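Nothing in this text is a laboratory measurement; each read-out follows from the coordinates by a stated rule. Just so it is clear, the model here is predicted, and its values are computed rather than measured.
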């Protein structure tokens, strides 16, 4: 389970790095020092959890909660970039697509807040 959580965290991190490099206008290079550093940073918590012997199931749940916090950080720049004519040209997103995208982003952010509340305050305040 821990390896599955780690693998999904790495995938999400790479996707976010791809969006950020595109947003900054820099070329994406998976062999760069920054990507390698990101892989070490993502692997370090898993290795630490294995070494201290924490409950793998609880660690997986918490890792997925933390991972879900990254989703809005990917969705919002994508919505902004797909609306820009300078980035997308004639293929930029239309009004209905943007309204739908922002509505879904708001729902995801709301669900993330609820998930955080449920995770850290399971019996209420």
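Nearest 10 degrees, 0 to 90: what angle lies between the long axis of helix 71-83 and the longest principal axis of the chain (Cα atoms)?
That helix lies at roughly 10 degrees to the long axis.
Below 8 Å between Cα atoms, with a sequence gap of 6+, how large is the relative contact order for the chain in percent? Walk me through the intermediate numbers first.
Working: 68 pairs, mean separation 34.6, N = 125.
Over the chain, the number comes to 28 percent.
Enter the angle in degrees (range 0 to 90, nearest 10) between the Cα long axis of helix 95-120 and the first principal axis of the Cα atoms of the chain, meaning the one along which they spread out most.
It works out to around 10 degrees.
How big is D, in µm² s⁻¹, for the stretch 71-125 by Stokes-Einstein at 20 °C and 1.002 mPa s if Rh is the Kirkwood radius over C-alpha pairs?
Details: Rh = 12.7 Å.
It comes out at roughly 168 µm²/s.
Just to confirm the number: angle between the C-alpha axis of helix 2-24 and the first principal axis of the chain, 0 to 90 degrees, nearest 10?
30 degrees
Determine the calculated [θ] at 222 nm for the chain from helices alone, applying -39500 (n - 2.57) to every DSSP H run no shorter than 4 residues and normalising by the residue count; nearest 500 deg cm²/dmol. Mind showing how you got there, number by number?
Values: 6 runs with 99 residues, N = 125.
The helix contribution divided over the chain gives -26500 deg cm²/dmol.
Quick check on the chain: what does the Kirkwood estimate of hydrodynamic radius come out to from the alpha carbon pairs, in Å? Before the final figure, lay out each step's value.
On the way: mean 1/r = 0.0600 Å⁻¹.
When all Cα pairs of the chain are included, the Kirkwood radius is 16.7 Å.
Hey, what did the stretch 71-125 get for relative contact order, percent, Cα under 8 Å, at least 6 apart?
On the way: 22 pairs, mean separation 16.7, N = 55.
Over the stretch 71-125, the number comes to 30 percent.
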